[in-house]
Amino acid sequence: MRYGFSAAECDVKLSADQVCVLMHDDTLERTSSGHGALAQQPMAGLAELDAGSWLGAEFAGEPIPTLANVAAYCRANQLLLNIELKPGPGQEAMTGRLVARAAARIWTGSEVPALLSSFSRVALLAAATAAPDLPRAWLTEAVPDDWASVLEQLGAVALHVDGQLLTRPQAAAIKAAGYGLLCYTVNDLASAQRLYQWGVDCLCTDRLDWPLAIRR
């Protein structure tokens, strides 16, 4: 927020007791003091873990955040949120359904609701059934030939793709069809400028140190 970014992205999974929590990996070892599968741990146990020390000593003791924690902050500070549905093994439909319901409840009455995205078509379809009014985006790496039919099937409003794999003709076709287009994970200025010139609407980046001048 200090650098003027207007949106954030996070990965959301389910704990054993079906609490929506932020975590990228299926297992806890890489980014917390825990061990084993996140999906097998209840929230009470997850809340006691250190999820900050792996990044740096100044973050020691930082807990695993819940979607409710992050959503409250985002809403209070008018920060948009892209929630990636990141289901654990065999949890595609349940994750899509429960995260969508939680997001719909949290963003009730909001002028701009959260955006749900996922690589999992099953999760997106379940989200569409549970909270049809929430916008959805399909995540993919390279743009497949059948992108238009998949987006229509999912009722998605946008396509999220690897910025290194997108071509200019693909970008033009996606935009001409009326869809939003996001590229991840763009960490160099030349690529960012090129993609914006192609009509890309939004970028995901790790470069929070970029000055305001390079933002679109």
Residue separation between T129 and A76 times 0.36 nm, minus their alpha-carbon distance, gives in nm 16.3 nm
In terms of the Cα gyration tensor, with a ≥ b ≥ c the square roots of its eigenvalues, is the range 63-164 rounded because a/c is under 1.5, prolate because a/b exceeds b/c, or oblate? prolate
Rg/Rg_ref, the range 1-128, where Rg_ref = 2.2 N^0.38 Å and atoms are Cα: 1.04
Taking the range 86-131, the whole-percent share of alpha-carbon pairs separated by over 11 angstrom is 61 percent
Report for the chain the percent antiparallel among DSSP-assigned beta bridges with both residues inside it, nearest 5. 20 percent
From the P(r) of the range 113-178, can you give the percent of Cα pairs sitting at distances over 14 Å? 55 percent
Return the equivalent ellipsoid semi-axes of the range 60-117 as a descending list in whole Å, where each equals the square root of 5 times an eigenvalue of the C-alpha gyration tensor. 20, 17, 9
For the chain, what is the mean residue ellipticity at 222 nm derived from helices alone (per DSSP H run of n ≥ 4: -39500 (n - 2.57); sum divided by total residues; nearest 500 deg cm²/dmol)? -8500 deg cm²/dmol
Residue by residue through the range 4-14, which ³J(HN,Hα) values in whole Hz follow from phi under the Karplus form 6.51 cos²θ - 1.76 cosθ + 1.60 (θ = phi - 60°), with glycine and proline marked x? x, 5, 9, 8, 9, 10, 8, 9, 10, 10, 10
Using unit Cβ charges (K, R positive; D, E negative) and no other charged atoms, how large, in debye to the nearest 20, is the dipole of the chain about its Cα centre? 620 debye
Taking the reciprocal of mean 1/r across every pair of different Cα atoms in the range 97-216, the Kirkwood radius in Å is 15.1 Å
Whenever you get a sec, compute what percent of the accessible area on the chain sits on carbon and sulfur atoms (1.4 Å probe). 53 percent
Does anything in the range 166-188 have its amide N under 14 Å from the 7 Å Cα→Cβ label point of R207, and if so which residues? 184-188
Quick check for you: with a 1.4 Å probe and neighbouring chains kept, what is the accessible area per residue of the range 65-216, in Å²? 49 Å²
Compute the Rg/Rh shape ratio of the range 37-84: radius of gyration over Kirkwood radius, all on alpha-carbon atoms. 1.03
Before anything else, pin down the relative contact order of the chain: Cα pairs under 8 Å, at least 6 apart, normalised by residue count, whole percent. 14 percent
Mind giving me the nanometre distance, one decimal, between the label points for Q40 and T185, set 7 Å out from Cα along Cα→Cβ? 2.7 nm
Under 14 Å from a point placed 7 Å out from the Cα of E111 along the Cα-to-Cβ direction: which residues of the range 117-139 have their backbone N that close? none
Under a point-charge model restricted to the Cβ atoms of Lys and Arg (+1) and Asp and Glu (-1), what is the dipole moment magnitude of the range 3-82 relative to its Cα centre, in debye to the nearest 20? 260 debye
Principal-axis tilt of helix 92-106 within the chain, Cα atoms, nearest 10 degrees: 90 degrees
Out of residues 5 or more away from T31 or on other chains, whose amide H comes under 5 Å of its own, with H placed 1.01 Å from N in the peptide plane? none
At 25 °C and a viscosity of 0.890 mPa s, what translational diffusion coefficient does Stokes-Einstein give for the chain, taking Rh as the Kirkwood radius over Cα pairs? Give it in µm²/s as a whole number. 135 µm²/s
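The values are calculated or read from the model by the stated rules, or taken from the named source; none is laboratory data. Everything numeric in this text was worked out from a predicted model, so none of it was measured. In this analysis, Cβ positions are derived from the backbone assuming ideal geometry, glycine residues included, and neighbour counts consider all displayed protein chains. Accessible surface areas use protein heavy atoms only, side chains included; no ligands, DNA or RNA. Shrake-Rupley method; radii C 1.70, N 1.55, O 1.52, S 1.80 Å.
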